[in-house]
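Please read the structure below before turning to the comments.
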Amino acid sequence: MYIHPKNLWENETEIVEFIKNNPFATLVSEVNGRPWATHIPIMLSKNKDGESILTTHIAKANVQWKHLSKSEVLVIFQGPHAYISSSWYNHENVPTWNYLAVHIYGSIRTLEGDKLMDHLKSLVDNFEDGRPNRVSVEGMSKSYLESQLRGLIGIEITISEVQANAKLSQNRDMENYQSIIHHLESSTISADQEVAREMKQRIKN
């Protein structure tokens, strides 16, 4: 991913929080010589050695899993993004787009049996947390759960590289930066307001 030096995002704590808050990601790999992407929830956690890993699962009907061990994979986490009108500047310029994105590269191993079950329990517990009438894997009947497991393959990704891009008008002077925040905050689009909050947070930091 191209990252302008002004937009390079290196705060590990913020990046970890970003990944956890935006877990619906895109898994990209090569299948028969072409790029292949699957959109799935992916969780960041630690393995028994304290190393950061990503875990997810895909349907066995999805041919991507059969090719994952042959090459490096890319996982894309995307956060809020917003169109930035050049009418918000005090000078002539072109429109642009502000956004936050994290790309993670790594190698995979498949998870089956108890390891796949542990992943599914963690995934469901994480996303059911705080919800009324929460469900759990443990609460599902054995026969139903076994029928579902037969159609899934678990994936663990060992992280080799992280690229993080926070493109938030860092190249603008404070007057124009504040003008962008003002216009985004005035928008009825929730993503615009999220980008405004991210921009304001960077002033505090």
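Things worth noting here:
- Those lysines that a straight Cα-Cα span of less than 16 Å connects to residue 200, excepting residues fewer than 8 apart in one chain: 167
- In summary, the lysines within cross-link reach of residue 115, defined as a Cα separation below 23 angstrom excluding same-chain residues under 8 places away, comprise 20, 46, 48, 60, 66, 70, 142.
- Computed from phi, the 3J(HN,Hα) profile of segment 140-147 under the Karplus parametrisation 6.51, -1.76, 1.60 (θ = phi - 60°) reads 8, 5, 4, 5, 5, 4, 5, 5 Hz, with x in place of Gly and Pro.
- Computed over the chain, the ratio Rg/Rh where both radii use C-alpha atoms and Rh is Kirkwood: 1.05
- Short-range pairs are left out: with C-alpha atoms under 8 Å and at least six residues apart, the relative contact order of segment 5-171 is 29 percent.
- Segment 5-171 - charge dipole about Cα centre, Lys and Arg +1 at Cβ, Asp and Glu -1, debye rounded to 20: 500
- In this simple spin-label approximation, residue 150 and residue 94 carry label points 7 Å from Cα along the Cα→Cβ vector, and these lie 5.6 nm apart.
- Between helix 12-21 and the chain: long-axis angle, C-alpha atoms, 0 to 90°, nearest 10: 70
A short reminder: the numbers here are calculations on the coordinates, not readings from a lab. Not measured: the values here are computed from a predicted model. All Cβ positions, glycine included, derive from the backbone under ideal geometry; neighbour counts span all protein chains shown.
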